[in-house]
Amino acid sequence: MSRLVIVSNRVADLRQSQQSGGLAVGLADALKERGGVWFGWSGETVDKPTEEPVVEQLGKVETVSLPVTQRDFSDYYVGYANSVLWPLFHYRLDLVDYRPAYFKGYLRVNRLFAKVLSRFLEPGDVIWAHDYHLIPLAAQLRKHGCRQRIGFFLHIPFPPPELLAASPNHAELVDALLQYDLIGFQTQTDANNFRRYVEQHTDAAPAPDGSFVVDGRSVRADRFPIGIDVEAFRKMAETPQEDVRIDTMRRHILGRRQIIGVDRLDYSKGLPERMKAFARLLALKPELEGKVSFLQIAPPTREDVTAYAQIREELEHLTGSINGRLADFNWTPIRYIHRSVPRETLAALFRASQVGFVTPLRDGMNLVAKEYVAAQDPEDPGVLVLSQFAGAAEEMREALIVNPYDTDEMARSLAQALEMPLAERQERHRALLASISRQDAQAWMRSFLAELERPAVAPLPSNGGGRVAAMR
Ligand code: GDG
């Protein structure tokens, strides 16, 4: 079995991978089994650029991490990755803050990563790069003579070509993607968007097996929906800590139900829309006042980006005004926590909540939806209310699927979830659990790696390459 080389923006702490959840655990297991390297940014910034990474050996696995300069951090991470690609790929052209220096910084860091990483590669390695920070990595590695198979997985959505084409660097981005051997997406919608872009804007030739021919190479693009470690999460949820047990008991005595939301505080997660829908529920069903509360956990992220400061203010304002209007001395309608909560506590809170409210405006997959289902007691499960714009909605059809822009529909679905008979809750939960168990973290990883390692078809005629054609 060939060595595996994982590249991601941040290197997971392999000693703590159980803490960080499905993705890190799954990838860390694969690395430990096959041996290999995990390469990425160390999370630190330095004054002077360096090509000397910190290397740590843990059994058969080497973690290799590199600091970047403050300027690189601003241009590559805060700038191009999170102020251009993140909003663009989440269909938010209005939030894109495009500056030429950002793209230069993005290329600079990918060039640096490729140069340093190439020193650690062995001929038979299989390389797997993760997410939007690293789109140009394969092209840069090829410049260092890297002939190994290189795969890429995009954790966030891939926008329709009409939207992508509004970005000044769309051609370079897709050209760079076509340097990978395999490009993985979360959903069929994303894979189709990519396919449409390639067909409309490049001269890469579609092959009969669904791949593209680029410079005589075969480039495959497909859907590989990411999953979670269902068993591990279920176990965590079954043994609540004392504080969660006491909170649950208190609500039980008062006959109070709980709706839960858990998201990084990101504008793509639809948090203000969710708060408004909860307020609408209470207006529609005043008898629920004092009988149901909404717990939203929203830890801070990317606070260096202006759009994140704005969404935080909006949310604090909304929570304050809804609570101010409706709260009673012994009941707070919305409990909003702007801090990170331990994973075990999250799992127990999911199990203790009658509704999982997961309503992003756009999301690659959304693991919270899967974690909520995994945490439920199958005898008395809660109901998942899920946005049609979460990648997870492609698989999780038995959730109550809602349009997050439609406040009334969301409020009605919350009411339906709270009133749903036990037999229907059990039936929906059984189907959802079967689906997330089939497509769990291991299945995701295995299917991607099997496809990446599948031998390429016989040498292909060159069609002049995948360079973006004049029709662009
Ligand atoms: C990207 C894509 C895709 C959240 N708050 C706390 C906490 N979390 C954990 C959740 C979950 C994870 O973070 C969030 O994963 P999501 O999938 O919901 O969203 P993103 O962070 O945006 O992830 C997404 C994912 O990549 C994987 O491909 O699904 O679409 O955007 O595991 O439980 N964990 C702890 N405390 C918190 O307060 N411990």
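The values are calculated or read from the model by the stated rules, or taken from the named source; none is laboratory data. Predicted model, so just to flag it, every value in this text is computed and none were measured. Positions of Cβ are backbone-derived with ideal geometry, glycine not excepted, and every protein chain shown enters the neighbour counts. Accessible surface is based on the protein model in full, side chains and every heavy atom, while ligands, DNA and RNA are left aside. Shrake-Rupley method; radii C 1.70, N 1.55, O 1.52, S 1.80 Å.
If the condition is being under 18 Å from residue 141 (Cα atoms) and either among the polar types (S, T, N, Q) or open to solvent by less than 10 Å² (accessible area, probe 1.4 Å) (or both), then segment 177-219 contributes 177, 178, 179, 180, 182, 183, 214, 218, 219.
Residues of segment 381-396 that are within 14 Å of the ligand (Cβ to nearest atom) and among the β-branched types (Val, Ile, Thr): none at all. Taking only pairs six or more apart or across chains, which ones have beta-carbon atoms under 8 Å, a first residue in segment 224-235 that is within 15 Å of residue 346 (Cα to Cα), and a second residue that is basic (Lys, Arg)? Cβ pairs passing all conditions: 228/370; 230/370. The residue pairs whose first member lies in segment 385-398 and is without any contact (Cβ under 8 Å) to a residue 40 or more places away in the chain and surrounded by fewer than 22 Cβ atoms within 10 Å (Cβ to Cβ), whose second member is outside any strand (DSSP E or B) and of a type in the set (D, E, K, R), and whose beta carbons are closer than 8 Å, counting only pairs six or more residues apart or on different chains, are 398/427; 398/428. Within segment 108-130, being open to solvent by less than 20 Å² (accessible area, probe 1.4 Å) and part of a loop (DSSP other than H, G, I, E, B) holds for one residue alone: 125. Residues in segment 357-378 that are open to solvent by 10 Å² or more (accessible area, probe 1.4 Å), more than 11 Å from the ligand (Cβ to nearest atom) and within 27 Å of residue 185 (Cα to Cα): 361 alone. Could you identify the single residue in 61, 55, 84, 46 that is farther than 25 Å from residue 304 by Cβ and modelled with pLDDT of 95 or more? Going through 61, 55, 84, 46 in turn, the sole match is 55. Does at least one position in segment 213-228 carry a residue that is over 24 Å from residue 383 (Cβ atoms), of a type in the set (Phe, Trp, Tyr) and under 28 Å from the mean Cα position of the chain (by Cα)? Checked against the condition, which is being over 24 Å from residue 383 (Cβ atoms), of a type in the set (Phe, Trp, Tyr) and under 28 Å from the mean Cα position of the chain (by Cα), segment 213-228 yields at least one hit.
Residue-wise test of (1) open to solvent by 50 Å² or more (accessible area, probe 1.4 Å); (2) touching a residue at least 12 places away in the same chain (Cβ under 8 Å); (3) under 14 Å from residue 271 (Cβ atoms).
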| position | (1), (2), (3) |
| --- | --- |
| 302 | no, yes, no |
| 306 | yes, yes, no |
| 311 | no, yes, yes |
| 318 | no, yes, yes |
| 328 | yes, yes, no |
| 331 | no, yes, no |
| 334 | no, yes, yes |
| 341 | no, yes, no |
| 355 | no, yes, no |
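Restricting segment 220-254 to residues that are in contact with a Gly (Cβ under 9 Å, 6 or more places away or on another chain) and in a loop (DSSP other than H, G, I, E, B) leaves a set whose member that is most open to solvent (accessible area, probe 1.4 Å) is 229. Residues being more than 12 Å from the ligand (Cβ to nearest atom), in contact with a helix residue (DSSP H, G or I) (Cβ under 9 Å, 6 or more places away or on another chain) and farther than 22 Å from residue 285 by Cβ are represented in segment 398-416 by at least one member. Flag: residue 275 matches the condition of being touching a helix residue (DSSP H, G or I) at 6+ places or on another chain (Cβ under 9 Å), assigned by TED's automatic domain parsing to the domain that holds residue 369 and open to solvent by less than 30 Å² (accessible area, probe 1.4 Å).
Mind checking whether some residue in segment 289-297 is touching a residue at least 24 places away in the same chain (Cβ under 8 Å) and part of a helix (DSSP H, G or I)? Let's see the steps before the verdict.
Filtering segment 289-297 down to residues touching a residue at least 24 places away in the same chain (Cβ under 8 Å) leaves 289-297.
Subset that is part of a helix (DSSP H, G or I): none.
No, every residue in segment 289-297 fails to be touching a residue at least 24 places away in the same chain (Cβ under 8 Å) and part of a helix (DSSP H, G or I).
Residues of segment 408-418 include none that is free of Cβ contacts under 8 Å to residues at least 24 places away in the same chain and surrounded by fewer than 14 Cβ atoms within 10 Å (Cβ to Cβ).
Please work out if residue 105 is in contact with a Lys or Arg (Cβ under 8 Å, 6 or more places away or on another chain) and open to solvent by 20 Å² or more (accessible area, probe 1.4 Å). The answer is no for residue 105. Within segment 343-353, being crowded, with 20+ Cβ neighbours inside 10 Å and either near the ligand (Cβ under 8 Å from one of its atoms) or without any contact (Cβ under 8 Å) to a residue 40 or more places away in the chain (or both) holds for one residue alone: 346. Set side by side, the residues 421, 381 differ, and just one is out of contact with any Pro (no Cβ under 6 Å at 6 or more places or on another chain) and open to solvent by less than 10 Å² (accessible area, probe 1.4 Å), which is 381.
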